[in-house]
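> Take this structure first; my questions come after.
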Amino acid sequence: MHNSLEVLLDSLIRIRIESLYGELNKNNTSYNLFSSERNLYLKQLHEILPEDLRKTLFLYDDADLSLQAILEREIYLQGFKDALHLHRELNVSLV
């Protein structure tokens, strides 16, 4: 059941995370500030690095974003599993 749950929820998780990022972008000033700072730092590094190291910076950023995407999905999935477990526990205690 564990794997089938993950397969069924994968699309839902991806859509929900994209939606959450959209909401953060619209409504969270701290998120926007940190995002802007990160982009500025990345741009500054790109500008000062020699050409041969710019690809390394791009690969680092790409790997970092990939790790973040995996982490986001796993956190969301674990939260869903925790909610299901809590729901089951509450149903058992009410019976």
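The values are calculated or read from the model by the stated rules, or taken from the named source; none is laboratory data. Remember, it's a predicted structure, so these values are computed and weren't measured experimentally. So basically every Cβ, Gly included, is an ideal-geometry build from the backbone, and we count neighbours across all protein chains shown.
> Since LYS81 meets every condition but one in (1) modelled with pLDDT of 90 or more; (2) touching a helix residue (DSSP H, G or I) at 6+ places or on another chain (Cβ under 9 Å), which condition does it not meet?
(1)
> Between a residue in the stretch 16-42 that is free of Cβ contacts under 8 Å to residues at least 24 places away in the same chain and any residue that is of a type in the set (Asp, Glu) and part of a helix (DSSP H, G or I), which pairs come within a Cβ distance under 9 Å, given they are 6 or more apart or on different chains?
Close Cβ pairs (under 9 Å, with a partner that is of a type in the set (Asp, Glu) and part of a helix (DSSP H, G or I)) amount to LEU20/GLU72; LEU42/ASP61.
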